[in-house]
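Okay, structure first, notes after.
The values are calculated or read from the model by the stated rules, or taken from the named source; none is laboratory data. All values derive from a computational prediction rather than experimental measurement. Cβ atoms come from the backbone with ideal geometry, glycine included; neighbour counts cover every protein chain shown.
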Amino acid sequence: MAARTGDLVEPPDTGRHFSQGMEQFHHPRPVCNGSEPTPQRRRLLAGLSGQVLEIGAGDGVKLSCYPSSVDEIVLVEPDPFLRAAAKNVAARVSTPVQIVDGSLRHLPVEDASCEAVVCSLVLCCASRVHETLEEVRRILVPGGELRFYEHQRSANLVVTLAESLVSPLWSRAAGGCRPTRDTVAAIQEAGFVIESLDRFAFCHFNHVVGVARPS
């Protein structure tokens, strides 16, 4: 299914030349190094196939990182500016892309319709993360995968304290992001089994990239 058109917002053409892009506008970090995906985004998307839902469009450059084995990409994004920006890139990738309005609590996707759901720096912004993860479970086909690239609370108590002190201001400036959220625990509590997990730091904040399946 081709990308939908008709938004009134006209953003800059971020997709004219696939640049480094951003994971999310409120989490500015490169999606690509030159023309190649960053190692984190490569791990996030490696081996995906079938229909894939990604929550959060960013500027759309990450659409260019999906493997050719994916049949269709569905992006859910509530912001009309970001939907329009992503459409500029969607028109230039070979994989069919569907871009739809929706919230983290109500994803407009049919039950058991996607082989994978990709969450990239959005679970840390979900006001009710368990509701978002329940929606992910609903959408996944039996045996489907949750692929996640997210903030993760530090295991270092001193760092966690520092993160807690800056969180109120950080959350206001970064789209509701909660750097102290234990994202891995939230995924497990929602009934997923973690199959792989890589930890790394970006700008002194802990992150995780991993794969989980409903138990």
Within segment 175-191, track down each residue that is in contact with a helix residue (DSSP H, G or I) (Cβ under 6 Å, 6 or more places away or on another chain) and modelled with pLDDT of 90 or more.
183, 186, 190
Could you tell me how many of the residues in segment 197-215 are polar (S, T, N, Q) and either within 16 Å of residue 137 (Cα to Cα) or modelled with pLDDT of 95 or more (or both)?
1
Give the residues of segment 35-90 that are assigned to a loop (DSSP other than H, G, I, E, B), of a type in the set (Gly, Ala, Ser) and modelled with pLDDT of 90 or more, sorted by residue number.
46, 47, 49, 68, 69
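Table: residues versus (1) of a type outside the set (A, V, I, L, M, F, W, C); (2) on the phi > 0 side of the Ramachandran plot; (3) within 16 Å of the chain's Cα centre (by Cα).
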{"site": "66", "(1), (2), (3)": "yes, no, yes"}
{"site": "96", "(1), (2), (3)": "yes, no, no"}
{"site": "107", "(1), (2), (3)": "no, no, yes"}
{"site": "113", "(1), (2), (3)": "yes, no, no"}
Hits in segment 106-127 - residues which are more than 17 Å from residue 210 (Cα to Cα) and either in contact with a Lys or Arg (Cβ under 6 Å, 6 or more places away or on another chain) or not in a loop (DSSP other than H, G, I, E, B) (or both)
111, 114, 125
Please work out if residue 172 is surrounded by 14 or more Cβ atoms within 10 Å (Cβ to Cβ) and either at pLDDT below 95 or of a type outside the set (Asp, Glu) (or both).
no
